[in-house]
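Student: Would you mind keeping the following structure in view while I ask a few things?
A short reminder: the numbers here are calculations on the coordinates, not readings from a lab. Please read these numbers as outputs of a predicted model, since none were measured by experiment. Neighbour counts are summed over all protein chains in view; Cβ atoms, including those assigned to glycine, are modelled from backbone coordinates with ideal geometry.
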Amino acid sequence: MVAARDQRPAPYSMTTSQCSIPIRRIINFDSGEDDVCIIRVQNMRFKVNPCVLQAGSPIFKNILESRESPIVLSGHTASQFRAFLSAVYARPLPSAKTVEVARLCSIAEVALKYDFNSLKMWSMEGIKTQVNAPNTLLRTAPSETFVRLIRLALLYRDVDLSRSVQLKWLTRIHWHDLPPAPAIVVADAYDLRHLLCHAYYVHLVNVSPRIVRGEPIDTDSPLTPTQNLHVFCGYHSLLASWKQLQEAPPAFAQDEECRTHVRCEVAWKARWALETGRSSAFSPVDVLCRLLFMERHLEADEVLKDCMGDGCRREALDAIAKKRAEISENLHHHFDL
């Protein structure tokens, strides 16, 4: 038994092919291979030249002074770290505009963790350029991409990037191109009120038929009971708002040149009552879409063109747009946020 045990190779003499953990070699070719260290991330080992890492990061300077082998790093995946190392040792760095955003995100996340300033700047500039490009990838990106970009923007405290991603996400959500639930979860976690209340709004419009029929809205939903309670608050509040609007249109100011303002008001109220009383394809709680429809429909109304002065008619239509903007800006009140 002793002889058999002595014939086994010692653990440190295992070859790469015998080791269950694969080794990835990313080496600075300007120096000899003796000047290397082993870094382990998850189930993967990376054989790297420490000089560049130490030069670019004070955190790595401290970490790589350790005599441990391998040096174990955590807080990111092996895939993220591999993307980071590929950028660290790239000579020269490619234009960040040509690197896919998912890869740039991995590099930015790891670079931030280890305070690797040159790659922090390079990766974030590339991300912002691609996010704000006319043909931005966010036109077709899934919800997961928006979630990752929001988190990255918050980690970097980049207000402009966060705002840009949120607005593009909301556009996709309002067009019903993406589900609102992931945005609710993320916005609630990071206190992004504008994103949160508009995501709640679209979610409410989607589930309002269930509420009308008395069906549960939490089936297969990622929302918590508290979040679903906010949905119900929005339902009752917005429904009440639309009923108020049905009874009286938004008030408008008299045009300076109008001499028959009473006639303008009578015509406006009459046409408003007629149009709001018609059946609509929009949910009763979809006040924003209903108001937009009313604005466009009444703008083309021939009766109003005959019965109202041009100035008063413009004021009345502007009043609808202002009311819509007011509701949009104050959705948090409707959802009790």
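Student: So what is the relative contact order of the range 164-205, in percent, for Cα pairs below 8 Å that sit 6 or more residues apart?
Tutor: Answer for the range 164-205 is 43 percent.
Student: Based on alpha-carbon centroids, what's the gap between the range 82-149 and the range 208-243 in Å, whole number please?
Tutor: One Cα centre to the other: 38 Å.
Student: At 0.36 nm per residue, minus the direct Cα-Cα distance, what do residue 266 and residue 226 gain on full extension? Give it in nm, one decimal, please. Please list the in-between numbers first.
Tutor: Values: separation 40, 0.36 × 40 = 14.40 nm, distance 4.49 nm.
Computed gain between residue 266 and residue 226 is 9.9 nm.
Student: Report the Stokes-Einstein translational diffusion coefficient (µm² s⁻¹, integer) for the range 244-334, Rh taken as the Kirkwood radius over Cα pairs, at 4 °C with viscosity 1.567 mPa s. Don't skip to the answer; put the middle values down first.
Tutor: Details: Rh = 13.6 Å.
Here the translational diffusion coefficient equals 95 µm²/s.
Student: Sticking with this one: Check the straight Cα-Cα distances from residue 305 and name the lysines below 17 Å, setting aside those fewer than 8 residues away within the same chain.
Tutor: Correct list for residue 305: 269.
Student: Apply the Karplus parameterisation 6.51 cos²θ - 1.76 cosθ + 1.60, with θ equal to phi minus 60°, to every residue of the range 174-180 and state each ³J(HN,Hα) to the nearest whole Hz, in sequence, with x for glycine and proline.
Tutor: Computed from phi, the couplings for the range 174-180 are 5, 7, 6, 8, 9, x, x Hz.
Student: If each residue of separation counts as 0.36 nm, what is the full-extension length gain between residue 89 and residue 254 once their alpha-carbon separation is subtracted?
Tutor: Difference between extended and current length: 52.5 nm.
Student: Here's another thing I want to ask about it. Just how large is the dipole of the range 244-334 about the Cα centre, in debye to the nearest 20, putting +1 at every Lys and Arg Cβ and -1 at every Asp and Glu Cβ? It would help to have the intermediate numbers written out before the result.
Tutor: Numbers: 13 positive and 17 negative charges, 48 e Å.
With Lys and Arg at +1 and Asp and Glu at -1, about 220 debye.
Student: Would you work out which of 331, 297, 283 lies farthest towards the positive end of the dipole of the range 258-337, given +1 charges on the beta-carbon of Lys and Arg and -1 on that of Asp and Glu, about the Cα centre?
Tutor: Of the options given, the answer is 297.
Student: In debye, nearest 20, what is the charge dipole magnitude of the chain about its Cα centre with +1 on Lys and Arg Cβ and -1 on Asp and Glu Cβ, if you could check?
Tutor: That gives the chain a dipole magnitude of about 1080 debye.
Student: Here's a follow-up. Would you list which lysines come within 17 Å of residue 113, measuring only between C-alpha atoms, while excluding same-chain residues fewer than 8 positions from it?
Tutor: By straight Cα distance, residue 113 reaches 61.
Student: Okay, next question. Once the Cα atoms of the range 101-161 are picked out, what are the Rg and Dmax in Å?
Tutor: My reading of the Cα-based Rg and Dmax gives 11.0, 32 Å.
Student: Kindly provide log₁₀ I(q)/I(0) values, in the same order as q = 0.13, 0.14 Å⁻¹, from the Debye equation applied to equal alpha-carbon scatterers of the chain.
Tutor: Calculated log10 I(q)/I(0) at the listed q: -1.02, -1.09.
Student: Using amide H atoms built in the peptide plane, which far-off residues or other-chain residues are under 5 Å from residue 71 H to H?
Tutor: Hits under the 5 Å cutoff: 38, 39, 40.
Student: Follow-up. Calculate one ³J(HN,Hα) per residue across the range 331-337 by plugging θ = phi - 60° into the Karplus curve 6.51 cos²θ - 1.76 cosθ + 1.60, and present them in order as whole Hz with x for glycine and proline.
Tutor: Ordered by residue, 3J(HN,Hα) equals 4, 4, 5, 5, 9, 6, 9 Hz.
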